[in-house]
Amino acid sequence: MCAESEAAENETSRRGLLRALTLGAGGALAGGAGGLVAAPADAVAERRARTCRCVSRKRCRCACRGHYRATCPCTRCHGPHSRGACPCHRHEGQPPTTGGDPGGDPVPDPQGPPPPLLDDPAGRVLVSRFSHGVTPALVAEVDAAGGAEAWFTGQLRPDAIEDAAAEETYGWWPSLAYPPATLWSRHTAGTEYGWQVMQSYQRWLLMRRIRTRRQVQEVLTAFWENHFNVPVQGDSVFVHRVGYGRAIRPLALGRFEDLLKTVTVHPAMGLYLGNAVSTKAHPNENLGRELLELHTVGRGHYDEDDVKDSARILTGWRVAGASGGWAATYQPADHYVGPVSVMGFSHPNADADGQAVTMQYLGYLARHPATAQRIARKLCVKFCVDQPSAGLVDLLANTYLAGDTAIAPVLQALVRHPEFAAATGAKVRDPAEDVVATYRALDVAIAPPGSPVPEGHVTNALLWQCNNLGAEPQAWPQPNGQPADNESWCSPVRVAASLDLHVTMSGGWWPTVGATYRTPASWLPGSSFTLEQLVGHLAVQVLSQRATPSLVTAVSQVTGYAPSTTMSASHPIVRWMFPRVLTTLLDSPLHMTR
Amino acid sequence: MTTEMTTDQQCCAEYARLSRRGFLGGAVAAGSVLTLGSAVLTASPATAASADSVLVVLSMRGAADGLSLAVPYGDPVYYQARPRIAIPSDQLLAKDGFFGLHPRLAGLMPLWDAGEMAVIHACGLPVANRSHFDAMEQLEDADPGSTTRLGWLNRLLGTTGDTSPLEGFYVGGGVVPTALFGPEPTMAAGAVDAVEIVGDDWGPGRRTSLHTLWDDGTTPLSPAMRITMEAVDDFAPVHDTTDTSATYPDTDLARGLAVAARMIRGDVGIKVLTLDQGDWDMHTNLGTLGWGAMIRNAAEFADAISAFFADLGTQRPKVTLVALSEFGRRVAENANYGLDHGYGNAMWAFGAGVRGGRYYGSFPTLQNTLDADLLVTTDYRNVLADVVESRFGASIPTVFPGLSRQPVGFML
C-alpha cells in the first residue's frame, strides 16, 4: 500500500518521494544473536603479562623497555589493548620485547605527560578521526584524560561515560520507540507514514552525533551500520529499522562475531535482503550471497554452490507479515535440512531447528582470514588513508584474529601505527560528517522539535542539509553501504553544496527555527585585537586547531583587511563581515578534512 | 590590504541580500524542493564546448500506468479488466487501430503529428521486480550482475573522450540519481542560480581566499575545489540566458524542464540531463477521465514537455527526450480505482532523431486475472541503446554491458 501524494505535499524532496513510494509486503523475523564468547582467562593473563606492568590505575609500565605511561592500556586497568603491539608512545607498532622489566616503584616518565591536544598533532588526528568534530569541550575532555590515547582508551568503554544530552534526544521523536505493529498500523491509517518514521530516525542519528560524549562508539556505530547497510527507504523495513540500529550500537566496540550474528538474523536485514520470505523449497539467495560478498569474506573466496548452501543455512529465520505484527520468528518447517558446505565450513544440518548451525556458520565466517583482511582494510580506509600499506592491513587483520574478532584491539593497533599519525588531512569528511561537524564547530544550540514539529525546524533541516550535500545518513540505496574513500565525496556538486552550507550556517541565516547561533561578540578574543589575533582565537574556538598562515591570509583576503588591522567589537568585520570570517574557517582544509 | 572597503549602508544592503539568498539557498537545499516540488533536476555537462546532441531522461517515478497513457483499446481484455477506469476508445487521441493516447496528452499532439514523438510499448527490466526502490536501482544501473554502483548515463559520459575541465563535473546540490552516479563528474542543481560559488558576490576576495586555502594541493579535495570553481565559471553563459519559466505551466515538472531548457539554451556543453516527475504510484484513485490522479499527472507530463520543446530555440534540433518508469502496473484495476505494481510499461521518445508519429514494440495479449501483468517483450535497454547509438554513436557494450542488442528502430 502506498500513500505518496500526501507525503509529497508535506515534503517533496526526491528522497521523501522515494520513501513514500516503497511500501510493500514482506516478512522477516528476528531473533537473539549468539552471546559473547569469553576469552580464556589464561589468554587474558598472558596478554597482560606481555604488555604492561600495572603500577596503578593511572600509571603503568610498558613491557617493551620499561617506559611508563600516564594511562594504563591493559584490560585490568582501563581498557583492552592489542596483544603484540607495544602501547608505549615511543614504540608505536613495534612488538614488545621480553624481559627488561625491573618492576618496583614507579619512576618518572622520561617523556613527561603528553602535550595539550592543541599542540599534539598526532593526538589531534586520533581525536578528529574518531569523533564527529573536535570542539573546545572535547579538547578539555582529552586533556583531562591525559592525552588523546588515554581519552581513546576511555572511550572504548562507552557505558562508563555520562551521556544524558545525547540520550534525551531519543524522546524527541516518540515513534522511534513504537513497536513494529504500532508503526505499521499508524502507517496504514495515514497517521504517520513509514518514511516519516525513517526521517525521524535519521534526524535522531544526526542529533546523537552532534551531542554524544561517547564519540568513538557513535563513530563506530555509523561505520558498522553502513557496513551492514539496511537502507532506511526500503519497503517495509521501517517497522524494524530503528531497532536494527539500536542493536548495533552496544556492539560497535565489541566483537565482530557478535555483530555479525545480530545483524544477519535481525528482521530488518531479513526484510531487506529477502531472507524473511526464504523457504527450503525456494531459498532466497540474496542475504546468503551478500553475507559472503559484502559482510564477510568478499569476492574470490566462494563459488555459486557456496552461495546456495549459504542461503539454505539461513532458511527458517522468518518475519511474520502485517497480520502477525511483523514478529520475528524461527520456522523449522521452512528450514532446509541436509548436509551443507560453504568454503571450509561443513555441517550435517540434520535438525529442523537450524538456529545452531546458523550461529556456527556465522562464527566461522567472522573468524575467516579473508574476513579479517576485509574488515582491517575497511577500517583503514575509513579512519586512516585510502591506500593503506599491506603491513598495516596485515597487522590489523592479525590483531583481529588474535583477539577472537574483538574490535577495540584492532582500533588501538591502528591508532598506534605510524601511518595513522602521518595521515593528517588525508580523509575528506563525507556529507553527513560535514553537516554534523559544522553544527559542532559553530556551537549551535538545538532545541527539541516538540509536537507538531514547527515548519523548518532545525532538526528537520539537518537532514535536508545532508541531502543537499549528496548523502543522507543510512540512505545509501544498495547493500554495499556508502563508500568511505575520498574520491566519492570530492565531486564539484558536493564541494559547491558544502560552501553553501558553511556560508548559510556562518551567517546564522538558515535554519533558524529551534536553532540558537552564537553572536559575533561571543567569539571575540577581547576588547581590542588584531585580525591575526582574531583568526588565531577563532581557529582554536571553532576548529580546535592552531591557525595556519594561509588561514590568516585567506581571512585577510576575504575581508579586505590586513592581518595587523587592530579592531574592536564595533569594527565592520565584527558587525557585518563576521560570516565571511567564520565561513573561511569552515571552507578550509582544516574543517573539510578530518 | 585595503582598509574600509564599504560603508555601513552598503553593508546593510549586502546583509539583506545575503540573508535572502542564504534563506533561498537553504530552501533549495531542502531537497530542491520547496521550489521545484517533486521535479528534481540534475545535469551533467560533458564538455565546455557546444554539445552535438543533448539527451534528456525523464524518470516517471512511482511506476506510471502505461496502459492508461498509451491505451491498447484494440484488446478487449483491457476493458474487461478495467470496468471502471478504462478510457473509452472514442476519447482517445492518435488512434492507429489498436493503440490510442490518453486525452490529457493532447498537448503532445503537435509533436506526434510532426513525427517527433514515438511510443514503445511493453518495455521493462529483463526480470520483473516490484520494489520501486530495487527496480530503480537496477533500471538505472543497467548492468545486471555488477555490484558497482555506476549508472548507464555515467558510462555514456565516459565514452565521450572529452578532455575539457567540464568533463568530469557536477554542480549544485542533492543526491545524484543512480543513472548519473559514477566516476565521470556530473552536476546537480535545482535552479540555475544554485550553480554558483556562494560568496562570489562579496567580491574577488572570496575566490582569492579559496585559492589561498586550497591551491597547495595537499589534500584530496584540492582538485575538486579548483574544478568546482572552473565549472561554475564555464556555466556562466546559462546565467545570461533569458528565464522563460513564466511561459511554462505552473507544475513541478514544468518548472524543472524550464531550468533544463535554460541550461540547454546556454549551450555550455551539457550532453545529458535527467529529470524526475513524481506521483505516479496510483494504487488508489487513479480515477477516470472525470476525476483522479491520472488526468492530473498526464496533463502535467504532456504540457510540460510541450512547453519544453517550444522553448529550446536554436538548440532544439539537438535535443532528444526519453521518458520511462521503473516498472508498469497490473492489467486489472483494484478495489480502490487504482492499480497495483506490475511489470511491462510504455516508453516515450521525443525530439531529435525520433522517427515518430507511431507506436513501436511487440504487444502481448493481455490477461484478465487478479495478478496479470503486461509482459515485457522489449528490454528497456534496447530502447535506450537505440537513442545512444543514434545520437551519440557510443559503444553499446560499454554503456549497456551484456545487453543482447536488438534494435527497436524508432530512431533515425
Given (1) within 14 Å of another protein chain (Cβ to nearest Cβ); (2) touching a residue at least 12 places away in the same chain (Cβ under 8 Å); (3) surrounded by fewer than 20 Cβ atoms within 10 Å (Cβ to Cβ), B:Thr147 misses just (2)
Pick from A:Ala397, A:Ala426, A:Ala372, A:Ala376: which is at pLDDT below 95 and either buried (at least 20 other Cβ atoms within 10 Å of the Cβ) or assigned to a helix (DSSP H, G or I) (or both)? A:Ala426
Hey, B:Ala106 at pLDDT 95 or above and either away from chain A (no Cβ under 14 Å) or surrounded by fewer than 18 Cβ atoms within 10 Å (Cβ to Cβ) (or both) or not: yes
Would it be correct to say that A:Leu543 is facing another protein chain (nearest Cβ under 7 Å) and either touching a His at 6+ places or on another chain (Cβ under 6 Å) or touching a residue at least 60 places away in the same chain (Cβ under 8 Å) (or both)? no
Exactly one condition in (1) in contact with a helix residue (DSSP H, G or I) (Cβ under 7 Å, 6 or more places away or on another chain); (2) within 30 Å of A:Thr553 (Cβ to Cβ); (3) assigned to a loop (DSSP other than H, G, I, E, B) is false for B:Pro249; which is it? (2)
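So that you can scan it fast, the table gives a plain yes or no per residue for (1) in contact with a helix residue (DSSP H, G or I) (Cβ under 8 Å, 6 or more places away or on another chain); (2) not in a helix (DSSP H, G or I):
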| position | (1), (2) |
| --- | --- |
| B:Ala260 | yes, no |
| B:Asn297 | no, no |
| B:Glu300 | yes, no |
| B:Ser306 | yes, no |
| B:Val322 | yes, yes |
Test: A:Thr566 is in contact with a helix residue (DSSP H, G or I) (Cβ under 9 Å, 6 or more places away or on another chain) and more than 10 Å from chain B (Cβ to nearest Cβ): yes
For the list (1) closer than 27 Å to A:Asn468 by Cα; (2) within 10 Å of another protein chain (Cβ to nearest Cβ); (3) free of Cβ contacts under 8 Å to residues at least 40 places away in the same chain, I need the number of the one condition that A:Trp510 fails. (3)
Can you say whether A:Val197 is over 23 Å from A:Pro483 (Cα atoms), of a type in the set (Val, Ile, Thr) and in the same structural domain as A:Glu257 (by TED's automatic domain parsing), as far as the supplied structure shows? yes
Subset of the stretch B:120-158 that is assigned to a loop (DSSP other than H, G, I, E, B) and charged (D, E, K, R) - its residue that is farthest from B:Tyr359 (Cα to Cα): B:Arg149
Pair list, Cβ < 7 Å and 6+ apart or interchain, from the stretch B:290-304 residues that are farther than 19 Å from B:Arg84 by Cα to residues that are surrounded by fewer than 20 Cβ atoms within 10 Å (Cβ to Cβ): B:Ala302/B:Ala106; B:Ala302/B:Gly107; B:Asp303/B:Gly107; B:Asp303/B:Pro249; B:Ala304/B:Pro249
Which of (1) of a type in the set (S, T, N, Q); (2) buried (at least 18 other Cβ atoms within 10 Å of the Cβ); (3) not in a helix (DSSP H, G or I) does B:Ser209 not meet, given it meets every other one? (3)
For the stretch A:470-492, how many residues are touching a Ser or Thr at 6+ places or on another chain (Cβ under 6 Å) and more than 7 Å from chain B (Cβ to nearest Cβ)? 0
Count of residues meeting criterion [aromatic (Phe, Trp, Tyr), within 25 Å of B:Val56 (Cβ to Cβ) and either part of a loop (DSSP other than H, G, I, E, B) or not assigned by TED's automatic domain parsing to the domain that holds B:Ala335 (or both)] in the stretch B:69-119: 1
Consider the stretch B:181-202. How many of its residues are within 8 Å of another protein chain (Cβ to nearest Cβ) and under 18 Å from A:Leu585 (Cα atoms)? 4
State which residue is surrounded by the most Cβ atoms within 10 Å (Cβ to Cβ) when the search covers only the stretch A:569-594 and only residues that are farther than 15 Å from A:Pro549 by Cα, facing chain B (nearest Cβ under 10 Å) and among the hydrophobic types (A, V, I, L, M, F, W, C). A:Met592
Based on what the data block shows, is B:Thr241 away from every other protein chain (no Cβ under 14 Å) and out of contact with any Pro (no Cβ under 8 Å at 6 or more places or on another chain)? yes
Is the stretch B:328-346 home to any residue that is in contact with a strand residue (DSSP E or B) (Cβ under 6 Å, 6 or more places away or on another chain), touching a residue at least 12 places away in the same chain (Cβ under 8 Å), under 23 Å from B:Gly269 (Cβ atoms) and buried (at least 21 other Cβ atoms within 10 Å of the Cβ)? no
Can you tell me which condition A:Val263 does not meet? The list is (1) under 30 Å from A:Ala333 (Cα atoms); (2) touching a Pro at 6+ places or on another chain (Cβ under 9 Å), and all the others hold. (2)
How many residues of the stretch A:410-445 are among the small types (Gly, Ala, Ser) and without any contact (Cβ under 8 Å) to a residue 60 or more places away in the chain? The answer is 1
With the checklist (1) under 28 Å from A:Gly194 (Cβ atoms); (2) out of contact with any strand residue (DSSP E or B) (no Cβ under 7 Å at 6 or more places or on another chain); (3) more than 7 Å from chain B (Cβ to nearest Cβ); (4) modelled with pLDDT of 90 or more in hand, flag the one item A:Thr459 doesn't pass. (2)
Can you tell me which residues in the stretch B:156-180 are of a type outside the set (Val, Ile, Thr), farther than 22 Å from A:Asp500 by Cα and modelled with pLDDT of 65 or more? B:Leu156, B:Leu157, B:Gly158, B:Gly161, B:Asp162, B:Ala179, B:Leu180
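The values are calculated or read from the model by the stated rules, or taken from the named source; none is laboratory data. Bear in mind the structure is a predicted one, so any value in this text is a computation, not a measurement. Note that each Cβ is placed from the backbone with ideal geometry, even for glycine, and that neighbours are counted across all protein chains shown.
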